[in-house]
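Single-structure report; data block below.
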Amino acid sequence: MEANFLGINMVNFWTYFILAGGIFVFMFMMGAVMSWSERKQSAVLQDRIGANRASIPLPFGKKFAMWGFINNLADAIKCLIKEDFKPKVYDKLMYNLAIFFAFIPAVLAVAVIPFAGIVKPAEFFNVSYLKWIPYLPEYFAKNLPDYSFKVQVADLNVGLLFIFAIGGISVFGAILAGWSSNNKFSMMGALRAASQMISYEVSMGLSLLGLIFIFQTVNVWDIVQAQNELAWGWLPKWGVFMQPLAMFIFLAAAVAENKRMPFDLPEAESEIISGYFTEYSGFKMLLFMFAEFIEIVFVAIMLTTFFFGGYTVPYMAADGFYFPWGTYVHLSHATVVILQLISFHVKVFFFAWLLQQARWSLPRFRYDQLMQLGWRILLPLAIANLIITVIIVALGGL
Amino acid sequence: MDFTDAEKKEIAYLRTRYPDPRSLTLPLMWMIQKREGFVSNEAVDLIAAELEIPTIWVEEVRSWYSMFTEKKEGKFVLEVCNNISCAMLGSQDVIDHICEVLKIKVGETTPDGMFTLKTVECLGSCGTGPMMQVGDRYYELLDENKVEQILEDLRNGKEHEQKPQEWPEYK
Amino acid sequence: MKEVTLTVDGKKITVPAGTLLIDACEQNGIYIPRFCYHKHLFPSGNCRMCLVTIEKNPKPQPSCMTPVADGMVVHTNTPEVAEIRKAVLEFILINHPLDCPICDKAGECMLQDQYMEFSGDKSRFNETKVAKEKLYHFGEKIVYDAERCILCSRCVRITREVSKTNKLGILERGDRSYVALAHGDTLDDDPYAYCVTDNCPVGALTPTYFRFKERVWYLHKTPSVCAGCSRGCNIWIETKDNVIYRVRPRENDAVNKSWMCDFGREYYIYPPKNRAAGVKINHRAVDYGKFVSEVASLLKEHTKETAFVLSAYATNEELTLAKQLTEHLGIKGIFHKKDRVWQESTGEIREDDILIKEDKTPNMAGVKNAFPDAKDINDMVISDFKYAVVWGPGAPLDKVSGLELIVISAMVDQVWDKAKYNLAGRISAEKHGSFTNFEGITQDFRRAIKGENNYDELTFFVDLLKELGVKPIGRTVQEIQNAK
Amino acid sequence: MAYQIPNFPDMEYVDRKKRGLTIQVYYREIFRGVWITTKHFFRNLWKWLTFRKGGVVILYPEETRADMSPNNRGRHILVQRSNGQPRCVACKMCATICPAQCITIEAEESEDPKIQKRPQVFEIDLSHCIFCGFCVEACPVDAIRMLPETSELVGYDRFRMVYDKEKLLSWHPTVSDDVVHGYNPNA
C-alpha cells in the first residue's frame, strides 16, 4: 500500500476511516441495545417478563427469540413498512430536517471521545495470544514499525467546546419538529423542550468549568490523560473525586438535556401525547426514539470521560500497573489497550444501566419544579462549586 | 230476519209503556229467544236497529244474562250447579260423568242437538245437592247412575220419575 | 257560584258547590289514587281506589262519586284509608298478570305506580289466575289484552262520551268480563280511537304503531302543538334518538281537554315520504350563504314584480320576520293560501263537532293577524308579477306556473319541482315557535327532533334581513316574543 | 398548622411543611428510589440467570391463571326454550340496567300469543361490556346467563366483538333442567 496518495496519508486515512466507522456502528449497536434494555430491564425491575414474543423460527420447533432482542428487528421492519402518517398541513422541509437535527448531534459528538489510549499496531500484534491473526502482524512489523494512533476519531484542542456546540444543535431538532408539525401538542412539547434544554445547558457547562480549571485544558484527550494521574500518591485524579458536586450537577443536567425521566416534560404522554414528535410516525418516529437512546449512551460516555477517568484503569500506565505500595506488574501493549477498551465499555454500560434504572424508578417533575431545580438550585450550586474550585486552584491546591 | 206482525204489534204496545226505548231491550230479546231458542248476532242487529241504540248495548245485555244464548243450544240444557254446597257434595263427579257419557265438554252441545251441558251458580237447592236443572225442572241428589238414567229418559221423551224426597235421618 | 267549605285532612278548603270530592282534593294538593275516574269523563265509581272516609258516614265513600258538601270532614291519609287502598290493590292484582316486563305500559302504568306507592305487599293469592284472551285486535289500530284489563271502563266511556261512536262495551260478567266491540265491528273508523290507549290505566289497550317498539322510560317528551288542523291540540311528542315514537295529547282544558284525533297522531308518527331536502338553485345543490345572498339581491331588484305567498304552516315568529322583510322591501303583493286541504281519499274527517276543524292548517289565524291586508291566492292576478316567493306547500299550480319561483317548503310538490330557487323548510316538530288556533289562542311549542338537511325558516329570514342590511326584530323565538 | 378563615368557617389554610435542602435537591430520594428498583432488578435477574421465573406475571397463552375463581363469569348466553327459540321476552330490563349500555334489543310480535314478545335483534357489544352481571340479575325470566369463559373473548375487529342472537344462542345445555319452560305470566 502506498503511504501517500494525492498528498493524503493513506495509512492515517484508513485508520481513521475504520475507527470512525467502528464508532458509528458502535453507537448504533448501543442504540439497539438500549431500546432492548429499555424493555427488558424495566420488565425485570418491575417483576415482569418483558419482550419475549418476536422470534425467528428455527427447525425442530425451536424459536430464536434472544430474550426479546428480536423485538428490535421486528420493530424496525414494522416501522419501515407501515404507513407514514403526516399532518394535513405542515412545513415539509423543516418536518424532515428536524429528524436529522435530532439524530446527527448524538452521533457526531462522539468523535472527540477517546475510546482507548495510543495504539502501536506493530507492537500490538506482537503478543503470544494474537499470533493467530494472519497477515496483519507481519504487515505492520515490516512496513509500519513506528506507526501509532490514538483511539479517538478527532483529537481536537477544543474537544469539550465541540461537544457543547454539537449538543446545542439538538435543541433545534425538537423545536423544528414541534413547530413544523402544525399541532398544538407538538408545539407545546417543542417549547418545553427548548426552555428545558437551554436552562440545563447553563448548569451543565458551569459544572464542567471546574474540571477545566483543575486540568487546565479543554482537550478531551488531555482531560482523560490527566485523570490517570494520582493525587497524594494514591488517589486517581478522576473528575468525580476532584469535583464530586459537579458530577451530580452534570448528571442531572445531562439527563435533563436528554429529555429523559424524570425530566421528560417535552414528551409527557399523559398531557401532550408524545410532545414534539407526536406527528411523526413510522421510521421517522423510530429515528427520534433511536436518537434518544443514543443520547443516553452519549450521556454515559460523557460521564465516563469527564468524571470517571474515561478509558483509563487506575494505576495502569502504558507498560503495566504501578500500584501505590510499590508493586509493578508488567503488561504487554495489547493487554493494556484491551484493558482500556474493557474499562471504557464497562463504565459506559454501567452508567447507561444506571440512567435506565433511574428512568424506570422516578416520577416526572412538575414543570415549575423542573425550572426551579434548574435555575434556583443547580445553577447556584454550579457557580458556588466553580468559585470554590477557582479559589483552591488559585491558592495552588490540587 | 225480521219481527213478525204480531211481534210488531206487541212492540208498538211496549213502546207506550217505557219512555226510554232502551228499556225495550229485554222484552225484545225474550221475544227472539222464545221464537228462535237463541239470540243470534243477526237478532242483536235487528233489536239495535229497531230501538235505534248501538249494537254493543244489546250485546252487553245478551252476554250479561245467562238465559240468553248466542248459539243454538240442544233440546235439553243441563244446568249443573257448581256452587260450593253442590261442589262439596260431588258435583264435579257428576259433571265429569255427563261429559263422559255424552262425549262433550262443559258449554258444548251434543252432535245430535239433544243436550247442552252448562255449569251454573247456586240454584237454591243446597240441601239436596248435587243437583241440576233441565228446562224448568230440578233433578236433585244426583249420582252417576241417576244421571245416566235421567239422560236416557230425556232422550226417549219419557218423564223421569222423581222419587219422593228422602231426607237423611239425623240422630 | 255558590261555594262550600270542607275540611280535608285537617285543612280547610273552599270549592264551588257541585265539585266532586276527588277534584276538590286534587285542586288543593291532595292526590287521591284512582283508576276509573278521569277528569274529563263522567265518573263511574267502579274501581274503588278513591275511597275516603267522611266523618258521620258509616262506610268509606268513593270520592269520585261524592259531591262536596258544606262542613264535610274528609280523611284521606288515615291508616283505615291506607288499608282500604291495599285491599283494593290486592283485589285488582288477583287476576292481573304480572307481565310488566313485556307490557308496553310499564313505566307509566297507574297500577304499577299506585301499587308501589300504596301497597307494595306480596300477593297472598296462590291459586291460578283467570286466563283470558291475550291478543284481541280492535281493528288495525288497537290491540286489547283482556288479562291485563282491570275493567275500569274508561275506554268504554271515551267511545260513549268523547268520540260518541259507542263502539266499546263490557261483555259477560264477574271474572269473565272483558271489553269488546260489537260483533264484526272495528275501532278503525273511530277518529279518536288512540285516546283509549292513552287513558287506559294499565296496559290492556295498546296502539299497534307503538306496540313493542320502545320502552316508555327511554322516551323524551317534548311539549308541542299539533299542526294537523286549526284546532291546535296540545300534544307531547315522545322521541328517542331523533325518531318520533309516540304522540300523546297534552291536557289543556281550553283547547283539547285530554283528547286528540288519530289523524293528528299519524301526521307525526308516519313521516311523510315527500319531505323536501337541501338548498338548490336551478335544481343544483348550492351553498346556503350563496342562496341567501342571491335571493336577497333578487328581492331587492324586483320588489314590485314579486308576489309573496304566505304559508299557514308558518309560526307566528316567522311571520313577524316575514312582515319585517316585506315592509322593508315594500312588497305589495302578499297572498295567503291553504297549505293543506281536506282530502277525501285518505279517509280523513272533514270536520266534526269534537275537535277536528275544516281548516287543515295550524296557523291561518296567525297569518291573518300578521298580514291583515293579504289576499287569497285565488284572487291573484298573474300578469302583475314576474317573481313569486312561495312559502309552504299546496300553492295552486296554475296561479304560479308562469313565474320564476322561490320555494321555501318542507314538502315536495309540483310547485317545488317547477321552482328556480328551493330551500327545504322544517315541519313543526323540528322547530320552536307558536301557532294561533282558530279561536285565537296562541300556543308555544318546542322542537322535538332535529331537522336533517333542511333549514329553519326563522333563521333563513334572519339571514335574509341581515343580508339586506336590516337588524332583525329578533334572532330566536324568545327574542321575537320578548320584542313584541 | 391549619387555621380557620374568619368569614368562611368551612375553609382553612394549610401551611405545608417547608422542604429542606436535602429534599429539594432530590438526590437522596432519587437514590432511595433507584435503590428499591435495583434490589428488584438484581433479585429477578438472579432468578432468570438460574433458569427460574423472575416475574410475577404469567405468560398468557401458555399459562393461565391458577387462581381464577370457578364463580368467575364472562361470556353471555341466551337460554333457550325447548324449541330452540330464546327464552328472552325482549323486555329490555337488561338494556336498561346495563351501565355500559352495550345491549341492543329490538322486539317483535311472537307467533305464540302466550309469549307475545320476543327479540328480533339481540346484540351484546362485548367490547363495551364491563361484565358486571347486572343483566343477569335484572332478567325477569332467567333468559340471559354468563358462562365462566373470559380469556377467549378476543377479536380482530370491534364489530366482531358484537355478539348477535345466533351467537348468544350457541350454548346447548346438556342438563335438561336448563332447557327451560315457557314463560307463563299467570304462574
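The values are calculated or read from the model by the stated rules, or taken from the named source; none is laboratory data. Computed from a prediction, not measured in an experiment: that's the story for all the values here. All Cβ positions, even for glycine, are placed from backbone atoms using ideal geometry, and neighbour counts span all protein chains on display. Heads up: the accessible areas ignore ligands, DNA and RNA and are worked out on the full protein's heavy atoms, side chains in. Shrake-Rupley method; radii C 1.70, N 1.55, O 1.52, S 1.80 Å.
Does region D:106-157 hold any residues that are among the polar types (S, T, N, Q) and away from chain C (no Cβ under 14 Å), and which are they?
Step one: filter region D:106-157 for residues among the polar types (S, T, N, Q), giving D:110, D:116, D:120, D:127, D:150-151.
The answer is D:SER127, D:THR150, D:SER151.
If you check C:LEU187 against the conditions, is it in a loop (DSSP other than H, G, I, E, B), aliphatic (A, V, I, L, M), touching a residue at least 60 places away in the same chain (Cβ under 8 Å) and within 14 Å of another protein chain (Cβ to nearest Cβ)? Here the answer is no, as C:LEU187 does not meet what is asked. Taking the criterion of being within 14 Å of chain D (Cβ to nearest Cβ), assigned to a strand (DSSP E or B), open to solvent by 20 Å² or more (accessible area, probe 1.4 Å) and in contact (Cβ under 8 Å) with a residue 40 or more places away in the chain, the only residue of region C:203-247 that qualifies is C:VAL243. Within region D:92-105, the set of residues being surrounded by fewer than 21 Cβ atoms within 10 Å (Cβ to Cβ) and facing another protein chain (nearest Cβ under 9 Å) comprises D:ALA95, D:THR96. Filtered by the rule that a residue be modelled with pLDDT of 90 or more, part of a loop (DSSP other than H, G, I, E, B) and among the charged types (D, E, K, R), region C:314-337 gives a lone residue, C:LYS337. Scanning region C:17-42 for residues that are of a type outside the set (Val, Ile, Thr) and touching a helix residue (DSSP H, G or I) at 6+ places or on another chain (Cβ under 9 Å) yields a total of 11.
Being in contact (Cβ under 8 Å) with a residue 40 or more places away in the chain, among the small types (Gly, Ala, Ser), over 20 Å from C:THR320 (Cβ atoms) and buried (at least 21 other Cβ atoms within 10 Å of the Cβ) is the requirement here; does C:ALA365 meet it? Reasoning before the result, please.
Values: in contact (Cβ under 8 Å) with a residue 40 or more places away in the chain: yes; among the small types (Gly, Ala, Ser): yes; over 20 Å from C:THR320 (Cβ atoms): no; buried (at least 21 other Cβ atoms within 10 Å of the Cβ): yes.
It is false that C:ALA365 is in contact (Cβ under 8 Å) with a residue 40 or more places away in the chain, among the small types (Gly, Ala, Ser), over 20 Å from C:THR320 (Cβ atoms) and buried (at least 21 other Cβ atoms within 10 Å of the Cβ).
Checked against the criterion of being open to solvent by 20 Å² or more (accessible area, probe 1.4 Å) and within 14 Å of chain D (Cβ to nearest Cβ), the candidates C:ALA146, C:ALA69, C:ALA131 yield just one match: C:ALA131.
For (1) in contact (Cβ under 8 Å) with a residue 12 or more places away in the chain; (2) in contact with a Ser or Thr (Cβ under 6 Å, 6 or more places away or on another chain); (3) closer than 24 Å to D:THR38 by Cα; (4) open to solvent by 20 Å² or more (accessible area, probe 1.4 Å), each residue gets a yes or a no:
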residue: A:ASN12; (1), (2), (3), (4): yes, no, no, yes
residue: A:TYR16; (1), (2), (3), (4): yes, no, no, yes
residue: A:ALA20; (1), (2), (3), (4): yes, no, no, yes
residue: A:MET30; (1), (2), (3), (4): yes, no, yes, no
residue: A:MET34; (1), (2), (3), (4): yes, no, yes, no
residue: A:LYS40; (1), (2), (3), (4): yes, no, yes, yes
residue: A:LEU45; (1), (2), (3), (4): yes, yes, yes, no
residue: A:ARG48; (1), (2), (3), (4): no, no, yes, yes
residue: A:SER55; (1), (2), (3), (4): yes, no, no, yes
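Yes or no: region D:74-90 includes at least one residue that is more than 19 Å from C:CYS103 (Cβ to Cβ), part of a loop (DSSP other than H, G, I, E, B) and of a type in the set (D, E, K, R). Yes, region D:74-90 contains at least one residue that is more than 19 Å from C:CYS103 (Cβ to Cβ), part of a loop (DSSP other than H, G, I, E, B) and of a type in the set (D, E, K, R). Candidates are the residues of region D:114-164 that are at pLDDT below 90 and part of a helix (DSSP H, G or I); the one that is most open to solvent (accessible area, probe 1.4 Å) is D:PHE159. Among the conditions (1) surrounded by fewer than 18 Cβ atoms within 10 Å (Cβ to Cβ); (2) touching a Cys at 6+ places or on another chain (Cβ under 6 Å), C:CYS152 misses just one, which is (1).
Considering only residues that are facing chain B (nearest Cβ under 7 Å) and open to solvent by 60 Å² or more (accessible area, probe 1.4 Å), which ones fall in region C:165-182? Those that are facing chain B (nearest Cβ under 7 Å) and open to solvent by 60 Å² or more (accessible area, probe 1.4 Å): C:GLU172, C:ARG173. In this entry, A:ILE49 passes the filter for residues that are part of a loop (DSSP other than H, G, I, E, B), in contact with a Lys or Arg (Cβ under 9 Å, 6 or more places away or on another chain) and not aromatic (Phe, Trp, Tyr).
Are any residues in region B:32-45 part of a helix (DSSP H, G or I), at pLDDT 90 or above and more than 19 Å from C:THR186 (Cα to Cα), and if so, which ones? Give the derivation first.
Of region B:32-45, the ones part of a helix (DSSP H, G or I) are B:32-36, B:41-45.
Checking the rest, the ones that are also at pLDDT 90 or above come to B:32, B:41-45.
Matches in region B:32-45: B:ILE32, B:ALA43.
Looking only at residues in region C:455-474 that are without any contact (Cβ under 8 Å) to a residue 40 or more places away in the chain and closer than 22 Å to C:ALA429 by Cα, the one that is most open to solvent (accessible area, probe 1.4 Å) is C:THR459.
Taking region D:29-61, which residues are open to solvent by 60 Å² or more (accessible area, probe 1.4 Å) and more than 11 Å from chain A (Cβ to nearest Cβ)? Even if it seems obvious, please write down each step before you answer.
Initially, region D:29-61 is screened for residues open to solvent by 60 Å² or more (accessible area, probe 1.4 Å), giving D:29, D:31-32, D:35-36, D:39, D:42-43, D:46-49, D:51-53, D:56, D:58, D:60-61.
Selection gives D:PHE51, D:ARG52.
Which residue out of A:MET289, A:MET316, A:MET285 is under 23 Å from A:TYR367 (Cα atoms), touching a residue at least 12 places away in the same chain (Cβ under 8 Å) and surrounded by fewer than 22 Cβ atoms within 10 Å (Cβ to Cβ)? Explain how you work it out, then say what you get.
Working: A:MET316 fails: under 23 Å from A:TYR367 (Cα atoms); A:MET285 fails: under 23 Å from A:TYR367 (Cα atoms).
When all the criteria are applied, what remains is A:MET289.
Considering only region A:358-391, state which residues are not in a helix (DSSP H, G or I) and not hydrophobic (A, V, I, L, M, F, W, C). Don't jump to the end; show me each part of the working.
Here is the first cut: in region A:358-391, the residues not in a helix (DSSP H, G or I) are A:360-366.
Within region A:358-391, A:SER361, A:PRO363, A:ARG364, A:ARG366 qualify.
Sort through C:ILE382, C:ILE406 and tell me the only one that's of a type in the set (A, V, I, L, M) and within 33 Å of the chain's Cα centre (by Cα). After applying the criteria, what remains is C:ILE406. Among the residues of region B:52-69, the one identified as at pLDDT 90 or above, of a type in the set (A, V, I, L, M, F, W, C) and either surrounded by fewer than 16 Cβ atoms within 10 Å (Cβ to Cβ) or under 10 Å from the mean Cα position of the chain (by Cα) (or both) is B:TRP64.
Return yes when B:LYS72 is away from every other protein chain (no Cβ under 13 Å), within 22 Å of B:ASN156 (Cβ to Cβ) and surrounded by fewer than 18 Cβ atoms within 10 Å (Cβ to Cβ) and no when it is not. Explain how you work it out, then say what you get.
Details: away from every other protein chain (no Cβ under 13 Å): yes; within 22 Å of B:ASN156 (Cβ to Cβ): no; surrounded by fewer than 18 Cβ atoms within 10 Å (Cβ to Cβ): yes.
The answer is no for B:LYS72.
All of (1) farther than 30 Å from C:TYR245 by Cβ; (2) assigned to a helix (DSSP H, G or I); (3) at pLDDT 90 or above hold for C:SER383 with one exception: (3).
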